[in-house]
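Read the structure below first, then the notes.
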Amino acid sequence: MAVDTTSFNVAFPSGILMSLQPPVATLIHEDGTEEEIDVDFLEEGDMIKILPGSTIPSDGIVTKGCSSCDESMLTGESVPVLKKVQDAVVGGTTNCDGLLIVRVDKVGENTVLASIVKLVQDAQTSKAPVQAFADRISQFFVPGVVIIAVITFVVWYSIAESNSIPSDWKSSSHKGDPSDKPFLFAFEFAISVLVIACPCALGLATPTAVMVATGVGARCGILIKGGEPLEAAHRVSAVIFDKTGTLTHGEMQVTSCRLDLEPDTDQLLAVLVAKAMESGSEHPIAQAVIRYADTRLKDSQDKRIVKLSSFEATPGQGVQALLECEGRTIHALIGNRQWLTTNQVSIGDSEAAIAGHESQGKTVVLLAIDTVFVGWFAVHDTLKEDAASTVQALQRQGILVIVLTGDNQRTAEAIIGPLGVDALHAQVAPAQKSAKVAELQRRGEIVAMVGDGVNDSPALAQANVGIAIGAGAEIAAAAADIVLVKSRVQDVLHAIQLSEATFTRIKWNFLWALGFNMLGIPLAAGALYPPYQFSLPPMFAGLAMASSSVTVVISSLLLNRYQPKDLDLEPVSDDKLKKRKLLRHAQLVPGHVTMSTKSATIGAVSIGALMLMCMVLMIMLLTEPKTCSSAAPNHM
Ligand code: ADP
Ligand code: MG
């Protein structure tokens with residue numbers, strides 16, 4: 001059994017997660033002797049002994065024993081999972097009650113625990129695009145501040161040098177004496193400007209918020225792979241869902257099966273063939289067919305073995321394989337209608353019967369052996385409990401909800417119809433799914449694609465935000481930007497809300513950081529010196545600068561209090577909904593100004609205004625009538 005490295009409930013920050021791994025393992029040598037060794041020395045193929053109640057040191061396969069394991073720290077599932085011979089165990093989980101002998105199959109960086117830690121760490125250190133805004137501001141800000149500092153120095157120096165400072169302008173906080181030490185006097189103002197204007201709070205604004213938010217997401221079962229998807233999610237205007245395994249449980253059941261279309265069909269062989277073929281597929285339908293075959297073969301005396309010699313899965317259509325049974329080579333196909341017809345297999349007059357099942361919301365998969373259509377399996381799937389409420393809540397936010405499925409129109413309509421989505425497209429091949437995403441993007445929509453299977457990966461990669469749901473295919477999770485480990489549909493909305501909360505926080509952080517500088521720089525430049533003889537010594541400027549960084553960090557840490565909100569199912573008035581839709585789709589309105597250009601403009605205007613203020617102040621000071629005494633007082 002392969003362990004899906006993506007299906008975790010990372011309830012802990014990465015450091016704590018890694019510490020779940022025990023430091024030592026009990027190695028069993030070939031001669032049966034045991035030795036305690038450091039886990040770092042474990043190698044693939046080593047046999048280790050795991051006592052009841054102890055933590056499993058590394059990933060491996062059970063070779064002896066049977067026990068239940070508590071995997072809650074990875075899956076969130078509190079009920080222990082039974083582990084017997086040939087089952088996979090995961091390092092860091094707890095062996096509850098039995099003795100297990102495990103063959104190590106993954107060590108070090110390759111373990112499930114290490115890979116999840118890496119995912120979270122990479123996400124936490126990645127940049128959000130909004131960071132570019134801070135970088136852009138810093139680009140102008142730093143030279144701007146140096147210029148202001150130089151101007152400050154020149155102005156104060158020339159005023160002090162020319163003895164233009166009134167004798168009663170004494171400042172206890174200022175070291176330099178305007179008349180005795182004009183250089184020191186002016187230099188202090190300039191240094192204070194440089195110190196207080198250090199843009200470190202601006203630099204901290206985004207990364208700290210991204211770091212906290214990815215941690216919060218992980219705690220809620222929403223793994224966000226970095227700042228970019230975290231930022232993009234709050235702008236999403238259209239959400240596309242896949243059907244099978246995403247909106248539905250994907251735990252399908254075969255509800256009826258017909259393999260007697262051809263009178264001379266060997267029905268048991270057909271079941272064996274279907275089972276052998278589907279054993280190579282990750283599709284939920286494949287699991288249903290295997291389960292059905294197992295129950296049907298349980299009481300049979302048939303001991304024939306069907307071996308798979310070649311296998312090819314075409315995502316969104318079906319499987320084709322060559323099989324061997326008692327010296328005979330069988331070519332078989334299993335999949336949808338389209339799959340059979342593209343392979344030149346006619347379905348004869350069964351169309352009406354198949355359509356009947358489909359109108360009841362069942363997916364019918366057809367089986368052909370040696371180019372003869374022999375029968376079908378009708379599989380049934382149910383909607384996830386939170387599918388309808390999530391669709392409604394998303395629509396209430398003004399978000400467009402679309403469903404794309406590879407399944408046929410009738411089945412799709414029967415299952416998805418009650419959800420009331422904005423659009424439903426059936427019989428969509430994987431490549432068409434990503435083309436559909438691209439088409440929406442061309443229209444200006446910011447698209448989130450939610451899917452679970454291999455067939456969704458191209459669309460997940462194409463979307464602005466690819467969201468893989470649950471323990472689906474690893475390949476889907478690899479193509480996605482966000483992984484919802486709890487397999488809940490509502491987490492799509494929670495991911496969007498977390499992104500909104502993070503982005504609002506980042507905006508506040510920018511405001512704190514910029515506002516602080518806006519206020520601090522004129523103060524440090526001596527704006528209050530003429531009226532109140534107040535000046536900010538470099539030491540206090542340093543303190544103020546540090547406190548602005550601390551404020552930003554605390555502001556980011558406040559994100560830790562984020563709790564996923566319950567789905568908002570309050571009815572909204574048409575007016576409000578229209579407004580929300582407009583807001584969500586603002587980027588579709590011609591002449592729309594994007595957030596980043598808007599912020600950059602505000603930033604630039606503020607800095608410009610600040611410089612203008614300084615200039616005016618200096619001109620005022622320079623043109624002030626001389627009311628000073630030639631002997632300026634000493635002040636400290
Ligand atoms: P969805 O988009 O709803 O997740 P898919 O694109 O995965 O559906 O599959 C579309 C159709 O292709 C299925 O309804 C089924 O008829 C067929 N199909 C895909 N894979 C398999 C398989 N392994 N076995 C049988 N049929 C399959
Ligand atoms: Mg699917």
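The values are calculated or read from the model by the stated rules, or taken from the named source; none is laboratory data. Fair warning: this is a prediction, and the values are worked out from it, not measured in the lab. With ideal geometry, Cβ positions are generated from the backbone for all residues, glycine too; neighbour counts draw on all protein chains shown.
Of Thr390, Thr411, all but one fail to be within 13 Å of ligand 1 (Cβ to nearest atom) and either part of a helix (DSSP H, G or I) or among the small types (Gly, Ala, Ser) (or both); the exception is Thr411. Here Val154 fits the description: over 30 Å from Ile482 (Cα atoms) and either in contact with a Pro (Cβ under 8 Å, 6 or more places away or on another chain) or in a helix (DSSP H, G or I) (or both).
Of the numbered criteria (1) at pLDDT 85 or above; (2) under 37 Å from the mean Cα position of the chain (by Cα), the one Glu251 fails is (1). Residues that are among the hydroxyl-bearing types (Ser, Thr, Tyr) and within 16 Å of ligand 2 (Cβ to nearest atom) were ranked within region 268-315; the one that is surrounded by the most Cβ atoms within 10 Å (Cβ to Cβ) is Ser281.
This table checks each residue for (1) part of a helix (DSSP H, G or I); (2) basic (Lys, Arg); (3) more than 11 Å from ligand 1 (Cβ to nearest atom).
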{"residue": "Val401", "(1), (2), (3)": "no, no, yes"}
{"residue": "Asp407", "(1), (2), (3)": "no, no, no"}
{"residue": "Ile415", "(1), (2), (3)": "yes, no, no"}
{"residue": "Val428", "(1), (2), (3)": "no, no, no"}
{"residue": "Lys433", "(1), (2), (3)": "yes, yes, no"}
{"residue": "Lys436", "(1), (2), (3)": "yes, yes, yes"}
{"residue": "Asn455", "(1), (2), (3)": "yes, no, no"}
{"residue": "Leu460", "(1), (2), (3)": "yes, no, yes"}
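Do the conditions hold for Ile506, that is, is it without any contact (Cβ under 8 Å) to a residue 40 or more places away in the chain and either β-branched (Val, Ile, Thr) or part of a loop (DSSP other than H, G, I, E, B) (or both)? Taking the combined requirement at face value, the residue does not satisfy it.
In region 429-440, the residues that are touching a residue at least 24 places away in the same chain (Cβ under 8 Å) reach residues that are away from ligand 1 (no atom under 14 Å from the Cβ) and assigned to a helix (DSSP H, G or I) with C-beta atoms within less than 8 angstrom, at least six apart or across chains, in these pairs: Ser434/Ala461; Ser434/Gln462; Val437/Gln462; Ala438/Gln462.
Scanning region 239-255 for residues that are within 13 Å of ligand 1 (Cβ to nearest atom) and touching a strand residue (DSSP E or B) at 6+ places or on another chain (Cβ under 7 Å) yields a total of 9.
Can you tell me which condition Glu500 does not meet? The list is (1) within 17 Å of Arg235 (Cα to Cα); (2) within 14 Å of ligand 1 (Cβ to nearest atom); (3) assigned to a helix (DSSP H, G or I), and all the others hold. Every condition holds for Glu500 apart from (2).
Taking the criterion of being more than 16 Å from ligand 2 (Cβ to nearest atom), out of contact with any strand residue (DSSP E or B) (no Cβ under 7 Å at 6 or more places or on another chain) and under 22 Å from Glu439 (Cβ atoms), the residues of region 398-412 that qualify are Gly398, Gln409.
In region 474-486, the count of residues that are assigned to a helix (DSSP H, G or I), buried (at least 22 other Cβ atoms within 10 Å of the Cβ) and in contact with a strand residue (DSSP E or B) (Cβ under 7 Å, 6 or more places away or on another chain) is one or more.
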